[in-house]
Every structure is written in structure tokens, then in C-alpha cells.
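Visitor: I am attaching a structure below and will ask some questions about it afterwards.
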Amino acid sequence: MGINLQKGQKIDLTKGNPGLTKIMVGLGWDEVSKPKAGGFLGGLLGGGGGAAIDCDASAILLDAQDKLTSKDRLVYFGNLQSGDKSVKHSGDNLTGAGDGDDEQIQVDLSSVPSAIQKIVFVVNIYDCVKRKQDFGLIANAFIRVVNPVNGQEFCRYNLTESYAGKTSLVVAEVYRHNNEWKFAAIGQGTNDTSLSELIRRYQ
């Protein structure tokens, strides 16, 4: 059984797990039940635009100055692996339907270039402005870290606070510390309305 983390908590990944070189980062979410037409929430949010909510998970590979220095260090549905192939995305899930992980990102820690000090995992809502959607329409969001060799879950962070009005989430990060890798639960909501807007924070 993995460790359940709270916002702001950190955990060692490689220290205490000798030989660990690869991790799978799974992200999941559910769409809340759609309100009836004319209901308070429906009126407030324009009925969610009527479309299913398409959440997109991405990984941003940063240098020691927390900067994204090249476009091949952004891994998302439009670029499924980093230029060095150390980070790979499972592909886009358009609805978030079903149990378990909605999107998965594989990280080969042993292949991450030394210039990369941090990998930030974010989720944004595709076309959120046009569809009038925000994270108030999402429930049961989580991120977890798994050993892909044996399926052992190291840790899980359930994003339990309200993110109503927010259109992007900086969910968590995996980072180097004293030649080891650690995981930090972030859970920061933002009003960035697209991935391109979100990554400006790191440029």
C-alpha cells in the first residue's frame, strides 16, 4: 500500500528503493454529474458548454533555474516523448471516463539528462474558455507514482480541495535532491486557459 500524501508533502522515491530506475506516474479524474438545465451550477457555468470535459496531463522538464529551455522538453498529447526519450506519455484520454488512471506518464529516471533537475506534472482543460468549463466540474482527481516492474504504488496524492474557477492545475513534481529523486505534492490551481499559457511560467 502506497503512502497517501497531503498538499505540500514530499517523499523519497529512490532513497530506500535501491535499483529503482523507472516510475509510472498515473493521473486520474472524473467528471461530476451534469446539473439539470437551469440549475444554479448550470446557470453559473453556462451548463459546462454541453461537451465532455477533456483534461490533458503534461510533463514539463525543467533545468536548475526552473526553466523550460526547449520544446522537446514538454511532453503532452501533441509530443508523446521528450527529445531524450526519458519521459513518455500514454496518449490523450478525451473524457476521463472509467476507473483508474486516465493518462499515464512513464519516466526513466536513469535516462533523464543531468541538466534536468525537475519534472512538473500539470493538467489543463482543453478548450476551456469556449466550452465554459473549469475544475469545479471535476471530482476525484489524483496523481500516483508506481513501480512499473512490480506494480507497487509508492504514493498517491488525492486533490481534495475545491478548484472551482481554476482552469489548470500544477499537480506535483519529481525532482533531484542530493543525487536522489523525490516526489512533491503541489496541488496549485491556476487560471491559465491553455497549456501554452501555463508553460510561460517556466520560460
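The values are calculated or read from the model by the stated rules, or taken from the named source; none is laboratory data. Everything numeric here is computed off the predicted structure, so don't read it as measured data. Because the Cβ atoms are built from the backbone with ideal geometry, glycine has one as well, and the counts that use them run over all protein chains shown.
Visitor: Among the residues that make up segment 185-192, is at least one of them within 19 Å of D30 (Cβ to Cβ), crowded, with 20+ Cβ neighbours inside 10 Å and among the hydrophobic types (A, V, I, L, M, F, W, C)?
Guide: no
Visitor: Another question, if that's okay. Considering each residue of segment 1-22, count those that are outside any loop (DSSP other than H, G, I, E, B) and under 10 Å from E180 (Cα atoms), and give that number. Lay out the reasoning, then the answer.
Guide: Within segment 1-22, the first condition is being outside any loop (DSSP other than H, G, I, E, B), and the residues that meet it are 3-5, 10-12, 22.
When the remaining residues are screened for being under 10 Å from E180 (Cα atoms), the result is 12.
The total comes to 1.
Visitor: If we scan segment 32-41, do we find a residue that is out of contact with any strand residue (DSSP E or B) (no Cβ under 7 Å at 6 or more places or on another chain), crowded, with 18+ Cβ neighbours inside 10 Å and at pLDDT below 95?
Guide: Kept after step one, since they are out of contact with any strand residue (DSSP E or B) (no Cβ under 7 Å at 6 or more places or on another chain), are these residues of segment 32-41: 33-41.
With the extra rule that they be crowded, with 18+ Cβ neighbours inside 10 Å, the set shrinks to none.
No, segment 32-41 contains no residue that is out of contact with any strand residue (DSSP E or B) (no Cβ under 7 Å at 6 or more places or on another chain), crowded, with 18+ Cβ neighbours inside 10 Å and at pLDDT below 95.
Visitor: Determine the pairs where a residue that is modelled with pLDDT of 95 or more and among the β-branched types (V, I, T), located within segment 77-97, has a partner that is part of a loop (DSSP other than H, G, I, E, B) and surrounded by 16 or more Cβ atoms within 10 Å (Cβ to Cβ) with Cβ atoms under 8 Å apart, the partner being 6 or more residues away or on another chain.
Guide: V87/V112
Visitor: Restricting to segment 152-184, give me the number of residues that are crowded, with 17+ Cβ neighbours inside 10 Å, of a type in the set (A, V, I, L, M, F, W, C) and more than 14 Å from the chain's Cα centre (by Cα).
Guide: Of the residues in segment 152-184, 3 are crowded, with 17+ Cβ neighbours inside 10 Å, of a type in the set (A, V, I, L, M, F, W, C) and more than 14 Å from the chain's Cα centre (by Cα).
Visitor: Here's something else I'd like to know. Out of (1) in contact with a strand residue (DSSP E or B) (Cβ under 7 Å, 6 or more places away or on another chain); (2) under 29 Å from E31 (Cβ atoms); (3) of a type in the set (A, V, I, L, M, F, W, C), the odd one out for C128 is which?
Guide: (1)
Visitor: Something else about it: Give the residues of segment 118-159 that are touching a Cys at 6+ places or on another chain (Cβ under 8 Å) and over 23 Å from N191 (Cβ atoms), sorted by residue number. Full working, then the answer.
Guide: First pass over segment 118-159, keeping only residues touching a Cys at 6+ places or on another chain (Cβ under 8 Å): 123-126, 134, 138, 144-145.
Correct list: R144, V145.
Visitor: Check off (1) in contact with a Lys or Arg (Cβ under 8 Å, 6 or more places away or on another chain); (2) aliphatic (A, V, I, L, M); (3) surrounded by fewer than 20 Cβ atoms within 10 Å (Cβ to Cβ) for I105 and give me the number that stays unchecked.
Guide: Of (1) in contact with a Lys or Arg (Cβ under 8 Å, 6 or more places away or on another chain); (2) aliphatic (A, V, I, L, M); (3) surrounded by fewer than 20 Cβ atoms within 10 Å (Cβ to Cβ), only one is false for I105: (3).
Visitor: Still on this model: Give just the number: which of (1) under 16 Å from the mean Cα position of the chain (by Cα); (2) surrounded by fewer than 14 Cβ atoms within 10 Å (Cβ to Cβ) does V149 not satisfy?
Guide: All conditions pass for V149, except number (1).
Visitor: Which residues, counting only those in segment 42-68, are modelled with pLDDT of 95 or more and assigned to a loop (DSSP other than H, G, I, E, B)?
Guide: Result: D63, A64, Q65, D66, K67, L68.
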